[in-house]
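The values are calculated or read from the model by the stated rules, or taken from the named source; none is laboratory data. These numbers come from a predicted model, not from an experiment. Here the Cβ positions follow ideal geometry from the backbone for every residue, glycine too, while neighbour counts run over all protein chains shown. Side chains included, ligands, DNA and RNA excluded: accessible areas come from the protein's heavy atoms. Shrake-Rupley method; radii C 1.70, N 1.55, O 1.52, S 1.80 Å.
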Amino acid sequence: MSHPHLGDRVQIADRKATVRYVGEVEGQNGTWVGLDWDSAARGKNNGSTGGRSYFQCSAPGSGSFVRVEKFQAQTEPTATILAAVQARYGDQETDQAKQEASPASMPRPKKGVHWQFIGAEKVQARLSQLQTLEKATLINCRISCVGDQAELRESLPKLHELDLTGNLLSSWHILQQIGSALPSLSMLNLSQNIMTPPDSATSSSMPPNAALRTLVLNECRLTWSQVVSIQASVPSLQELHLCHNNITTLSAPDPDEPVFLQLQLLDLEDNCLTDWAEVMHVSRLPCLKHLWLGGNKLQHVQLPPGTDAFQHLHTILLRDNKLSRWGDVDSLNRLPALTDLRLTGNPILNDARGGGRYEVVARVQGLTMLNGSAVRQRERRDCELRYLRAVSGELEEVKGNSEAEKVLRAAHPRLDALQEQYGPMSGATAPVRGGTALSASMIEVHLLCVAPSAGRKMGRQTKKVPGSLEVGKLKLLCQRLFKVPAARQALFLKAGGENPMPDNIGEDDSKDLMFFSVENGAEILVDDFDPEVHAQQTLAQKAEEARNHAARMLLQTKAIDVTQSVQKQQHAESLASIQKAVAD
């Protein structure tokens with residue numbers, strides 16, 4: 001490598017670093033290079049030696065010093081984008097070889113002598129292959145610069161997706177240069193490139209890249225303010241991915257300046273956001289439809305009634321945060337366009353009986369997708385009825401206590417709308433729309449015994465029972481009909497419509513049938529089990545799942561090792577080809 005410069009990104013062996021200092025070190029001879037390693041485990045100090053500080057490190061202990069001669073000997077060679085593309089996708093011939101294969105470069109043949117141009121067709125075919133290339137993945141290819149922009153534009157006229165993850169790009173000018181060289185590029189991935197943050201002069205001097213629609217900047221150690229500073233250079237951007245950047249705030253330098261006017265998807269997963277007030281800063285993005293916030297540390301969602309924030313938001317992903325209040329879910333119901341929600345991994349669902357799905361569906365009226373699973377119309381109706389019965393039961397318990405009833409209604413903002421939709425209801429009966437309460441509450445159920453211990457009593461029985469019948473009493477009825485002890489019964493409500501999986505309704509004997517939305521014509525499966533055997537099987541199942549998980553992780557680790565080995569081999573071959581091309 002040539003003489004190092006401040007800000008250069010380099011790779012030594014399989015570790016990457018940024019050059020932070022070049023010069024003398026007190027008490028040492030010669031020139032030294034100060035490196036800030038991407039992995040602190042590779043470093044030896046904090047940019048200080050002999051009691052003097054020479055540069056600031058990005059993480060404690062990530063700095064070290066290397067003699068310039070050793071640095072130049074150990075640093076891996078870098079490549080341009082075009083050289084890496086040629087090495088991976090096309091020809092490995094040099095420009096000189098192409099010129100020698102061209103008829104125009106050949107000496108004029110003597111009279112009567114016939115020339116045959118060996119290799120010309122092969123070179124032309126490979127050049128044609130590059131000119132039709134639409135997608136290029138150049139991960140960990142030690143690319144440090146664009147190279148000749150005119151040559152890149154001529155060689156890759158149709159390229160519209162480019163992945164440069166894990167390379168050695170050091171300057172934000174790369175965005176301008178790539179846009180100029182590849183005007184048709186619509187998707188650019190610059191993840192794991194630690195580039196010098198753009199300053200105001202750099203940002204203002206960058207011409208707009210009108211074609212770019214998707215920009216991926218995961219693990220680039222960026223702040224939101226730094227990202228906003230380049231928004232003028234990507235005026236047509238629709239997708240922006242900023243995962244794993246340790247972002248803690250989303251406030252912009254100028255809160256009144258409109259930013260990312262066409263952005264529809266913003267991915268902020270696996271950052272360090274803790275306060276919903278920070279999320280509200282991006283509510284002013286006028287076209288935002290999809291907001292991904294999974295893997296942060298958000299504790300609350302706060303959207304006041306009548307808010308005009310996030311008017312066009314269709315999707316919000318909040319998996320693996322710290323949401324623990326049902327009021328957070330109620331706030332999400334204030335997003336008028338919300339249809340897709342993900343809440344897995346939050347305490348509110350982890351602590352809820354049955355996973356909390358029915359309550360989320362009932363509280364957020366517009367959902368058509370929850371935690372990656374579709375919410376059909378039948379499921380919505382069942383969830384809302386079950387929720388309404390549960391809340392109605394709570395209201396009955398505080399009847400006559402106006403203050404407690406007021407608090408309870410405030411905790412269930414959709415209660416009035418659901419009561420208007422389904423009619424008045426008690427906690428134990430179906431909606432009363434006419435006739436007597438008793439006749440309205442009677443439902444016909446088909447009891448199908450599949451318990452082996454029932455012997456000749458196995459089969460189907462149809463009974464009319466009140467919706468207020470508790471599960472414990474239903475078990476006693478089944479015991480009389482099928483001779484299966486109530487303590488050994490497992491009851492499953494066979495779901496209809498688009499959900500093929502039966503629901504286990506036998507775990508809580510105190511719940512009534514209407515709580516589980518049991519309707520006329522419903523089929524309930526009656527099975528038996530040994531409680532002790534069941535407990536042993538549960539433990540064995542958990543142990544088996546743990547073993548299977550460990551086995552899967554081992555296989556994944558091996559697969560990653562194999563992939564990395566293949567990639568290293570491919571990179572070595574590619575670099576050898578590039579070096580050979582340069583030497584030729």
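Out of all the residues in segment 397-407, is one or more open to solvent by 80 Å² or more (accessible area, probe 1.4 Å), within 17 Å of Phe516 (Cβ to Cβ), out of contact with any Leu (no Cβ under 9 Å at 6 or more places or on another chain) and of a type in the set (D, E, K, R)? No, because not a single residue in segment 397-407 is open to solvent by 80 Å² or more (accessible area, probe 1.4 Å), within 17 Å of Phe516 (Cβ to Cβ), out of contact with any Leu (no Cβ under 9 Å at 6 or more places or on another chain) and of a type in the set (D, E, K, R). In segment 334-361, the residues that are closer than 16 Å to Asn321 by Cα form Cβ pairs under 8 Å with partners that are open to solvent by 60 Å² or more (accessible area, probe 1.4 Å) and among the hydroxyl-bearing types (Ser, Thr, Tyr), at six or more places apart or across chains, as follows: Asn346/Ser324; Pro347/Ser324; Ile348/Ser324; Asp351/Ser324.
Residues in segment 393-411 that are closer than 28 Å to Thr315 by Cα and part of a helix (DSSP H, G or I): Arg409, Ala410.
Residue-level check: of (1) within 22 Å of Glu379 (Cα to Cα); (2) crowded, with 18+ Cβ neighbours inside 10 Å; (3) under 20 Å from the mean Cα position of the chain (by Cα), Thr339 misses just (2). Among residues that are small (Gly, Ala, Ser), in a loop (DSSP other than H, G, I, E, B) and on the phi < 0 side of the Ramachandran plot, Ser283 is not included.
Scoring Ala79 on the criteria (1) modelled with pLDDT under 50; (2) closer than 26 Å to Pro183 by Cβ; (3) of a type in the set (Gly, Ala, Ser) leaves a single failure, condition (1).
Going through Arg126, Arg142 one at a time, which residue ends up being touching a Gly at 6+ places or on another chain (Cβ under 6 Å) and either surrounded by 15 or more Cβ atoms within 10 Å (Cβ to Cβ) or at pLDDT below 55 (or both)?
One residue alone meets the criteria, Arg126.
Can you spot a residue in segment 431-446 that is surrounded by 17 or more Cβ atoms within 10 Å (Cβ to Cβ) and at pLDDT 90 or above? Yes; the residues of segment 431-446 include at least one that is surrounded by 17 or more Cβ atoms within 10 Å (Cβ to Cβ) and at pLDDT 90 or above. Within segment 224-269, the set of residues being touching a residue at least 12 places away in the same chain (Cβ under 8 Å), open to solvent by 50 Å² or more (accessible area, probe 1.4 Å) and not polar (S, T, N, Q) comprises Ala232, Pro235, Glu239, His244, Pro253, Pro255, Pro258, Leu261. Selection of segment 58-88 for residues being closer than 28 Å to Asp163 by Cα, in contact with a Gly (Cβ under 6 Å, 6 or more places away or on another chain) and without any contact (Cβ under 8 Å) to a residue 60 or more places away in the chain yields only Ser62.
Here is a yes/no grid of residues against (1) open to solvent by 30 Å² or more (accessible area, probe 1.4 Å); (2) part of a strand (DSSP E or B); (3) closer than 27 Å to Arg378 by Cα:
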site	(1), (2), (3)
Gln461	yes, yes, yes
Lys464	yes, yes, yes
Gly472	no, no, yes
Cys478	no, no, no
Ala490	no, yes, yes
Leu493	no, yes, yes
Glu519	yes, no, yes
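How about segment 311-392: which helices (runs of 4 or more DSSP H) wholly inside it have at least 2 residues that are of a type outside the set (Gly, Ala, Ser) and closer than 22 Å to Gln421 by Cα? Fully inside segment 311-392 and qualifying: 326-332, 357-363.
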